[in-house]
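Here's the structure we're looking at; comments come further down.
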Amino acid sequence: MPIRKRGALALLLGTALVATVTTGCGTTSENAEGKAEPKPCGGAGGKYTIGVSQANVAEPYRERMDADIRQAATAVPQFTVNFADAQQDNSKQVEQVENFITQQVDLLVISPNEASPLTSVVKKAYERGIPVLVLDRKVNGDAYTSFIGADNFDIGRRAGEFVAQTLLPGGGRVAELKGLAGSSPAKERSDGFRFGIGGKAIEVVASADGDWLRDRGRQQADALLKGTPGVQVVYAHNDPMGEGAYLAAQDAGLSGIQIVGIDGLPIEAGGIKAVEAGRLAATFVYPTGGKEAVDSARKILVDCQQVPKVQGLAIERVTKDNAAEVYARLNAGG
């Protein structure tokens, strides 16, 4: 968050001049020059409004992210959290962030639909003095306070290594269901996967964008499986698209196709249960970062602390061998 000088030079011991600097948190008004004035952090009875700009809530992962933010915020009585759903529409998300800026929220949490279209408005909020936490998906540049998320390239790499070492040790043919084109996880999960299978006799023979959605993933998988014979593994960038691929394979009467997903939500309809049931061969737990976002907001607004520019979240592979244990642990808060 930009740090602004708020004091004049003060005379100490009759001779020494020392600059007085105070760090503000959030914006509340504009001064006579039209520049945003930061709201002082901390203090008794301070109340803060957080705007959450979500790429969409059609994905179970994003529903869970918002739920994690809500739950964590209940422990911070100073916080009021307002949510906006962009419905996978870049223009709508830009407009919603503009509204949060106009409302002078004290902090912005954003999970961008796509990186490039949201970069400018995120930068605008940041330069207005609003702390910005970028969650899960990235923007271009570094005009934000902190990025919170797991390493998507590493997840893709680990998925590729699992396919190469466990599912297709002798080589084989893979179809890939990608996330929304233009979103940073889609590119990173694809690049990481190719790194993970590098040097192995494994070929990605077909790919298509499933836009992170189960029904779209099912449609795309149906076309890929019917149009590309001999596919042995489907690598899906998230579990809902993986579930869609499973249904497409069932519809086509294809048995033996193994599916790898990502997200690993610890809910009945999530990827961990799909692994337990045998619909997915594996998934990778990709934390939502909702709790961590609220913790960072509290540090910035209430405790007057700085937070790291990048906050990495741990990932974990889930197979049938550990699915029940991981599900129980995550639901117990471990």
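The values are calculated or read from the model by the stated rules, or taken from the named source; none is laboratory data. Bear in mind the structure is a predicted one, so any value in this text is a computation, not a measurement. So basically every Cβ, Gly included, is an ideal-geometry build from the backbone, and we count neighbours across all protein chains shown. What goes into the accessible areas is simple: the full protein's heavy atoms, side chains included, and nothing from ligands, DNA or RNA. Shrake-Rupley method; radii C 1.70, N 1.55, O 1.52, S 1.80 Å.
Could you check the range 277-313 and list, in sequence order, the residues that are in contact (Cβ under 8 Å) with a residue 60 or more places away in the chain and farther than 30 Å from residue 105 by Cα?
Of everything in the range 277-313, those that are in contact (Cβ under 8 Å) with a residue 60 or more places away in the chain and farther than 30 Å from residue 105 by Cα turn out to be 281, 282, 284.
Return the residue satisfying two criteria in turn: it lies in the range 214-249 and is part of a loop (DSSP other than H, G, I, E, B) and either among the basic types (Lys, Arg) or open to solvent by 50 Å² or more (accessible area, probe 1.4 Å) (or both), and of such residues it is farthest from residue 271 (Cα to Cα).
At the first step, the residues of the range 214-249 found to be part of a loop (DSSP other than H, G, I, E, B) are 228-232, 237-238.
Add one more test, that the residue is either among the basic types (Lys, Arg) or open to solvent by 50 Å² or more (accessible area, probe 1.4 Å) (or both), and what stays is 229, 232.
On the way: 229: 26, 232: 20 Å.
Among those that are part of a loop (DSSP other than H, G, I, E, B) and either among the basic types (Lys, Arg) or open to solvent by 50 Å² or more (accessible area, probe 1.4 Å) (or both), it is 229.
From the residues in the range 250-261 that are closer than 16 Å to residue 167 by Cβ and either open to solvent by 50 Å² or more (accessible area, probe 1.4 Å) or out of contact with any helix residue (DSSP H, G or I) (no Cβ under 6 Å at 6 or more places or on another chain) (or both), which one is modelled with the highest pLDDT? Step through it out loud before you land on a result.
Narrowing the range 250-261 to residues closer than 16 Å to residue 167 by Cβ: 254-261.
Among the residues that remain, those that are also either open to solvent by 50 Å² or more (accessible area, probe 1.4 Å) or out of contact with any helix residue (DSSP H, G or I) (no Cβ under 6 Å at 6 or more places or on another chain) (or both) are: 254-256, 258.
On the way: 254: 93, 255: 89, 256: 92, 258: 98.
My answer is 258.
So which of 293, 269 ends up being buried (at least 20 other Cβ atoms within 10 Å of the Cβ) and over 18 Å from residue 192 (Cβ atoms)? First the steps, then the outcome.
Working: 269 fails: buried (at least 20 other Cβ atoms within 10 Å of the Cβ).
After applying the criteria, what remains is 293.
Among the residues of the range 73-123 satisfying the criterion of being charged (D, E, K, R) and surrounded by fewer than 23 Cβ atoms within 10 Å (Cβ to Cβ), which is modelled with the lowest pLDDT?
The initial filter retains those residues of the range 73-123 that are charged (D, E, K, R), namely 85, 89, 92, 95, 98, 106, 114, 123.
Then keep just the ones that are surrounded by fewer than 23 Cβ atoms within 10 Å (Cβ to Cβ); that gives 85, 89, 92, 95, 98, 114, 123.
Working: 85: 97, 89: 96, 92: 98, 95: 98, 98: 98, 114: 92, 123: 97.
Restricting to residues being charged (D, E, K, R) and surrounded by fewer than 23 Cβ atoms within 10 Å (Cβ to Cβ), the top hit is 114.
Could you give every pair whose Cβ atoms fall below 7 Å, whose first residue belongs to the range 70-98 and is in a loop (DSSP other than H, G, I, E, B) and among the polar types (S, T, N, Q), and whose second residue is at pLDDT below 95 and open to solvent by 60 Å² or more (accessible area, probe 1.4 Å), counting only separations of at least 6 or pairs across chains?
Hits for this filter: 78/47.
Which condition breaks for residue 70 when tested against (1) at pLDDT 95 or above; (2) closer than 20 Å to residue 266 by Cα; (3) under 14 Å from the mean Cα position of the chain (by Cα)?
Evaluating residue 70 over (1) at pLDDT 95 or above; (2) closer than 20 Å to residue 266 by Cα; (3) under 14 Å from the mean Cα position of the chain (by Cα) leaves (3) as the failure.
Only one of (1) open to solvent by less than 70 Å² (accessible area, probe 1.4 Å); (2) touching a residue at least 60 places away in the same chain (Cβ under 8 Å) is not met by residue 328, so which one is it?
Unmet condition: (2).
Looking at the range 174-213, which of its residues are open to solvent by less than 80 Å² (accessible area, probe 1.4 Å), at pLDDT 95 or above, assigned to a helix (DSSP H, G or I) and not hydrophobic (A, V, I, L, M, F, W, C)?
Once the filter is applied, which keeps residues that are open to solvent by less than 80 Å² (accessible area, probe 1.4 Å), at pLDDT 95 or above, assigned to a helix (DSSP H, G or I) and not hydrophobic (A, V, I, L, M, F, W, C), the range 174-213 yields 188, 189, 190, 191, 192, 196.
Does the range 144-173 hold any residues that are touching a helix residue (DSSP H, G or I) at 6+ places or on another chain (Cβ under 8 Å), open to solvent by 20 Å² or more (accessible area, probe 1.4 Å) and free of Cβ contacts under 8 Å to residues at least 40 places away in the same chain, and which are they?
Residues satisfying the conditions are 144, 157, 161.
I need the full set of residues from the range 124-143 which are assigned to a helix (DSSP H, G or I) and open to solvent by less than 10 Å² (accessible area, probe 1.4 Å), in order please. Full working, then the answer.
If we filter the range 124-143 for residues that are assigned to a helix (DSSP H, G or I), which is where we start, we get 124-127.
Within the range 124-143, just 125 meets the criteria.
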